[in-house]
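The values are calculated or read from the model by the stated rules, or taken from the named source; none is laboratory data. Note that the coordinates shown come from a computational prediction; the quantities given were computed from them, not determined experimentally. Note that each Cβ is placed from the backbone with ideal geometry, even for glycine, and that neighbours are counted across all protein chains shown. In case anyone asks, the SASA skips ligands and DNA or RNA and just uses the protein heavy atoms, side chains included. Shrake-Rupley method; radii C 1.70, N 1.55, O 1.52, S 1.80 Å.
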Amino acid sequence: MIDTSPMYGRSEGVVGDLVAELGVREKIFLATKVWISGRNQGIAQMQRSAQPLRSPVIDLMQIHNLVDWRTQLATLRQMKADGRLRYIGITHYTTGALPELVRILESEDGIDFVQLGYSLATREPETRLLPVAAARGVAVIVNQPLERGDLFRAVRGKPLPEWAAEFDCASWAQLFLKYLLGDPAVTVLIPATNKPDHMADNLLAGVGRLPDARQREQIRRWWDLL
């Protein structure tokens, strides 16, 4: 999965060019966003996204930060019915928006994905949002799973716990990411890095065993004692 947006500079064009050059469109799940008010403005923005992505059908279109979400959701539903979108979703990155995300998931049908901020240090989604998403069959995309590096600063100079090997974890990044992937409600993480070695390390979080409920509780207790 590649998650991009029209507000991320030239990212849609770069993604579109790379996917086309490599000939891997069928292997890539393309996700982007609409981030504007007004029905016609939303349609125009999404059309502009499809062009640089070189994809007449977008796998996932998300309403970014819930901007004018009622208007855009109606448009997204119609575009999905017309076959121009495979899935539709809503996003936000602040914990303050979690109650609104929950309310929308509970009251609106047809939402396929929700994207939110969630990490070992920001566990509020576990209380309400993740259970609601699981009950409604809504896939969960986690943004900021590493808190923009804050998690690493909290463990700087500390050895990785020996028990991390029980779930095939060999680095701090893998521990932080495996904790999230161990929640059955979580579908995918987007760690957001521009360093190839960090990306390779992050990818290994998806390899091997994941922590079970007991191990996730152990991780929580360990973190809270730091």
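Here, the range 118-157 yields an orientationally averaged convex hull projection of 3.0 nm² when only Cα atoms define the hull.
Element breakdown for the range 50-93 at a 1.4 angstrom probe: carbon and sulfur atoms account for 49% of the accessible area. Pairs with C-alpha atoms separated by more than 32 Å, drawn from the list 27/80; 27/158; 80/195, are 27/158; 80/195.
Taking all protein chains into account, the per residue accessible area for the range 1-130 stands at 48 Å² (1.4 Å probe). By the gyration tensor of its Cα atoms, with a ≥ b ≥ c the square roots of the eigenvalues, what is the shape of the range 18-67: rounded for a/c under 1.5, prolate for a/b over b/c, or oblate? Note, shape of the range 18-67 comes out prolate. Working from label points 7 Å from Cα in the Cα-to-Cβ sense, the residue 57 to residue 82 distance is 1.5 nm. Ordered from largest to smallest accessible area (heavy atoms of protein chains, 1.4 Å probe), the residues 193, 122 come out as 193, 122. Name the residues of the range 190-211 whose amide N is less than 17 Å from a point 7 angstrom out from the Cα of residue 171 along the C-beta direction? Residues 190-209 fall inside that zone.
Helices in the chain, meaning DSSP H runs of at least 4 residues, each add -39500 (n - 2.57). Divided by all residues, the mean residue ellipticity at 222 nm is -12000 deg cm²/dmol.
Largest first, the residues 80, 195 sort by 1.4 Å accessible area into 195, 80. Placing a pseudo-label 7 Å from each Cα along the Cα-to-Cβ vector at residue 190 and residue 20 gives an inter-label distance of 2.2 nm. Scaled against the 2.2 N^0.38 Å expected of a compact globular protein of N residues, the Cα radius of gyration of the chain reads 1.06. For the range 99-187, the share of accessible area belonging to carbon and sulfur comes to 49 percent (1.4 Å probe, ligands and nucleic acids excluded). Label-to-label distance, residue 225 versus residue 70, with points set 7 angstrom from Cα along the beta-carbon direction: 5.0 nm. Of the three principal axes defined by the Cα atoms of the range 30-150, the extents in descending order read 38, 33, 22 Å.
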